[in-house]
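The values are calculated or read from the model by the stated rules, or taken from the named source; none is laboratory data. Model, not experiment: these values are computed from the prediction. Here the Cβ positions follow ideal geometry from the backbone for every residue, glycine too, while neighbour counts run over all protein chains shown.
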Amino acid sequence: MMRSIIRMAFVVVLCLGLATLVTAGEKQGKAAKNVPSMSQEEQIKLALSAASPHIVKDAAVLVFAADGKLKEGRPGTNGFTCIPTVMNLPDPDPMCMDAAVKQWWEDLMKNAPKPSNTMPGIAYMARGGSHWEKDGRVLMQEESGAKIVKEPPHWMIVWPFEAKTTMLPTAPNPSGVYVMFDGTPYAHVMVYQDPRKMK
Ligand SMILES: [Cu+2]
């Protein structure tokens, strides 16, 4: 009897311990998830982790203001702009982009039918990112039955290359390269190479 009470007490303590861990994890997840609620300094630090030091040292940074809109966090001089998050999911996904990609990305955010950049651009996501995927197809937006798939550190060549003419794959594969959003005006080439290793 005594032994079973001790065992019971042990189980209760264990459960309480687990519950505390789960709650802490949830809190952490929520804190990490909401980039716009981070301080300006934290947002700048996160944004600057998207590319290698020689790029971020002179890059401009955009941060979320209290109204949720992006504003200048700091000016830059090398033509690159870094943002603290792309999808605002629990996993950090900052991005640094050149002027052409910035234009492309602003068009994408506005739901413009097609991007207005007139030349190819380059963007870096050294912390990796995520995309929606369903039945092995990469989607531009969430749809029912789609799941979030994580991406490793990568960089992008932003220009509407087509899988048909380039013969590149249309989904992540062991080669580490594919055309994302193939067949849409927002298609671009994803290259799974870590930008932090570029000098
Ligand atoms: Cu992409």
Handout entry: Pick from region 106-153, criterion of a type outside the set (A, V, I, L, M, F, W, C) and in a helix (DSSP H, G or I), ranking: nearest to Pro185 (Cα to Cα)
Key = Asp107
Handout entry: The one condition in (1) at pLDDT 95 or above; (2) part of a loop (DSSP other than H, G, I, E, B) that Pro90 fails to fulfil
Key = (1)
Practice task
Return a yes/no flag: does region 95-103 have any residue that is under 22 Å from Leu48 (Cα atoms), assigned to a loop (DSSP other than H, G, I, E, B) and either under 15 Å from the mean Cα position of the chain (by Cα) or of a type in the set (Asp, Glu) (or both).
Solution key: yes
Fill in the blank from the handout: The residue that is modelled with the lowest pLDDT, considering only those in region 141-189 that are surrounded by fewer than 16 Cβ atoms within 10 Å (Cβ to Cβ) and closer than 16 Å to Trp105 by Cα, is Gln141
Handout entry: The listed residue being more than 18 Å from His188 (Cα to Cα) and either in contact with a Leu (Cβ under 7 Å, 6 or more places away or on another chain) or assigned to a loop (DSSP other than H, G, I, E, B) (or both), out of Glu72, Glu41
Key = Glu72
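Listed here are the residues, each with its yes/no results for (1) out of contact with any strand residue (DSSP E or B) (no Cβ under 8 Å at 6 or more places or on another chain); (2) closer than 28 Å to Gly76 by Cβ.
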position: Ala99; (1), (2): no, yes
position: Ile122; (1), (2): no, yes
position: Asp135; (1), (2): yes, no
position: Met140; (1), (2): no, no
position: Ala146; (1), (2): no, no
position: Pro153; (1), (2): no, yes
position: Ala163; (1), (2): no, no
position: Met180; (1), (2): no, yes
position: Tyr186; (1), (2): yes, yes
Fill in the blank from the handout: So, first residue touching a residue at least 40 places away in the same chain (Cβ under 8 Å) in region 45-58, second residue among the hydroxyl-bearing types (Ser, Thr, Tyr), Cβ within less than 6 Å, six or more apart or across chains; the pairs are Ala50/Tyr124; Ala51/Tyr124
Exercise for the section: State yes or no: is Ala66 on the phi < 0 side of the Ramachandran plot and either within 16 Å of the ligand (Cβ to nearest atom) or assigned to a helix (DSSP H, G or I) (or both)? Expected result: no
Exercise for the section: Might you check whether a residue that is outside any loop (DSSP other than H, G, I, E, B), aromatic (Phe, Trp, Tyr), within 12 Å of the ligand (Cβ to nearest atom) and in contact (Cβ under 8 Å) with a residue 12 or more places away in the chain occurs anywhere in region 179-199? Expected result: no
Handout entry: Residue identified as over 14 Å from the mean Cα position of the chain (by Cα) and within 13 Å of the ligand (Cβ to nearest atom) among Glu162, Glu133, Glu143, Glu151
Key = Glu133
